[in-house]
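Colleague: Before we start, here is the structure in question, set down as C-alpha cells.
The values are calculated or read from the model by the stated rules, or taken from the named source; none is laboratory data. No experiment lies behind these values; they were computed from the predicted model shown. For neighbour counting, all protein chains shown are included, and Cβ atoms are generated from backbone atoms with ideal geometry for every residue, glycine included. Quick note on the areas: whole protein, heavy atoms, side chains included, nothing else; ligands and nucleic acids left out. Shrake-Rupley method; radii C 1.70, N 1.55, O 1.52, S 1.80 Å.
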Amino acid sequence: DDPNGMLQSLPFAVRQGPSCEYETVDSILIRDNPPAFFDVVKKQGDWLLVDLCHNKQGWIFAPAIDDINIHITPIDFPASPVTQEVSPTTLTPIVDSKSIAQAKDTLINFFSLLYNKKYDEATKIFSGGYGMIIMWNPNVDTQDYPSLLRTACEFNDFRCSLRVARVVKNEQISSMEYHFTVEFIKEDGALYQRPDNKNVMISQFPFRVVKDCNEKYYVVDWPFYRY
C-alpha cells in the first residue's frame, strides 16, 4: 500500500479485486478524484466495486466506510444465490482477544485525540470518509483531512468533546470488523445521553472499528452530531 499517496479516508487502499490478496489500484486516480461519495457498481461479500472515474473501478472494504458516504441501491444487485442453511450450533464464533483489545484501544484513543484537538493524529485512525463534511464546507481543501475533521468538530457541531467512559460490550464480527457498545462522559464529567428515534433517552451507543490488510485499526463512525 502507498500511505502517502492514498487518501487517508481510504486506509484500506482501493484494490483490483474483492480481498486483501489483490494488488492496489493506482493511487493517482484517487488523488485526482477524491470520492466524497462512492457510486457502487457491484457488491461481493464485504467488498464493494466502486466507480473511480477515468473509466476505472476498484474494490473497497465496505465496513470501513461510513454508510453516509455510500450511494448504494440494493435492488440494483442480483439476488444472492440460495445456499444450504447452516445450523448456528455448527458455527465457530470469531474471538481474538488481542485484536479485540487493539480495536478497543483504537476507539478510545480516537475520542481522546478529538477531545484534545489533535486532528492530525485522529485522521490517521479514522476511515469513515469525509463526503458529508466536504459537501457542507466547499471552501476546505478536499484532501486536507485534519482541516475537514477540525471543521466538523469546531464549526459543524459534531460532539468531539466526548470521552469514552467505558466499553459496555464488544463483538468481533469478522477477522477485520469489530463492534462496540460505548458509554461517554461530557466535559463536566456527566454521563452523555441523547434521545433515540422514539424520544427515549439512551446512554449506550454502537461504534465500529475495522482492521485493514496491514493489521492497522481504524474507527469507522463519526462522533455524534449535536442537535
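Colleague: Taking 0.36 nm per intervening residue step and subtracting the Cα-Cα distance, what contour gain separates Ser112 from Tyr22 on full extension? Each step should come with its number before you reach the end.
Modeller: Values: separation 90, 0.36 × 90 = 32.40 nm, distance 3.44 nm.
Result: 29.0 nm gained on full extension.
Colleague: Name the residues whose placed amide hydrogens come within less than 5 Å of the amide hydrogen of Phe126, ignoring near sequence neighbours (fewer than 5 apart) on the same chain.
Modeller: Correct list: Val219.
Colleague: Quick check for me: using +1 on Lys/Arg Cβ and -1 on Asp/Glu Cβ, what's the dipole size of the range 137-188 about its Cα centre, in debye to the nearest 20? Show your work: numbers first, answer last.
Modeller: Numbers: 6 positive and 9 negative charges, 44 e Å.
Using Cβ point charges on Lys, Arg, Asp and Glu, the range 137-188 gives about 220 debye.
Colleague: Hey, if we sort Asp212, Asp141 by accessible area with the 1.4 Å probe, largest down, what's the order? Could you put the intermediate results ahead of the total?
Modeller: Working: Asp212 5, Asp141 90 Å².
Highest to lowest solvent-accessible surface, that is Asp141, Asp212.
Colleague: If you don't mind, another one. Hey, with R₀ at 35 Å, roughly what FRET efficiency would Val41 and Asp120 work out to, going by the Cβ-Cβ distance, to 0.05?
Modeller: On the way: r = 33 Å, r/R0 = 0.95.
Taking R0 as 35 Å, the efficiency between Val41 and Asp120 is 0.55.
Colleague: Shifting gears a bit: What distance in nm separates the simple spin-label points at Tyr225 and Asp188, each placed 7 Å from Cα in the Cβ direction?
Modeller: 2.6 nm
Colleague: Could you give the accessible area per residue of the range 119-211, probe 1.4 Å, as a whole number in Å²?
Modeller: Values: 4570 Å² over 93 residues.
Here the per-residue accessible area is 49 Å².
Colleague: Right, next: Counting Lys and Arg as +1 and Asp and Glu as -1, each charge on the Cβ, what is the dipole of the range 87-227 about the Cα centre in debye, to the nearest 20? Before the final figure, lay out each step's value.
Modeller: Numbers: 17 positive and 17 negative charges, 65 e Å.
So the magnitude is around 320 debye.
Colleague: Among the listed pairs Lys43/Lys198; Lys117/Lys216; Lys104/Lys124; Lys98/Lys216, which have their C-alpha atoms separated by more than 25 angstrom in this model? Walk me through the intermediate numbers first.
Modeller: Working: Lys43/Lys198 32 Å; Lys117/Lys216 22 Å; Lys104/Lys124 16 Å; Lys98/Lys216 13 Å.
Long pairs (Cα-Cα over 25 Å): Lys43/Lys198.
Colleague: While we're on this one: Got a number for carbon plus sulfur as a percent of the range 92-227's accessible area, 1.4 Å probe?
Modeller: On the way: 3270 of 7050 Å².
Of all accessible area on the range 92-227, carbon and sulfur atoms account for 46 percent.
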